[in-house]
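Remarks on the structure that follows.
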Amino acid sequence: MIATIARSEVTEWYPADVKPVREGVYQTQYRDGLTAYRKFSGGKWHEGYHSPTAANATMVPISAWLRSEYVHAWRGLRSPA
């Protein structure tokens with residue numbers, strides 16, 4: 001089951017070429033419109049998951065080609081995961 005969040009719980013969408021200022025969990029959007037939650041840590045995006053909690057637990061960074069090819073945008077969660 002994919003976690004759903006209210007519009008008031010997220011920031012605006014930012015393009016993929018803009019990196020987050022803070023480490024944490026973000027909602028990412030693929031070019032086809034589907035979304036996943038990913039952790040941004042150490043200057044890298046990590047594997048995507050169906051919930052912010054699962055994304056926060058991952059330690060697996062994704063490769064650069066995946067990020068640039070498929071992730072279209074990201075937005076922040078107003079509350080930490």
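All of the numbers you see were taken from the coordinates with simple rules; none came from a lab. Here the structure is a predicted model, which is why all the values come from computation and not from measurement. A quick note on method: Cβ atoms are made from the backbone with ideal geometry, for glycine too, and the neighbour counts reach across all protein chains shown.
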Self-check item: Length released on extending from Ser51 to Glu23, taking residue separation times 0.36 nm less the Cα-Cα span
Solution: 8.4 nm
Quiz prompt | Charge context of Asn56, other residues only, Cβ under 14 angstrom, K/R +1, D/E -1 | solution = +1
Quiz prompt | Interchain or long-range residues, amide H under 5 Å from Glu47's placed H | solution = Val60, Ile62
Exercise. Give the residue from Trp74, Phe40, Val21 lying farthest towards the positive end of the charge dipole for region 17-76; charges sit on Cβ (+1 for Lys and Arg, -1 for Asp and Glu) and the dipole is referred to the Cα centre.
Key: Val21
Practice problem: Compute the distribution of all C-alpha to C-alpha distances in region 17-76, in bins of 10 Å from 0, and list the percent of pairs in each, rounded to whole numbers. | Solution: 26, 63, 11
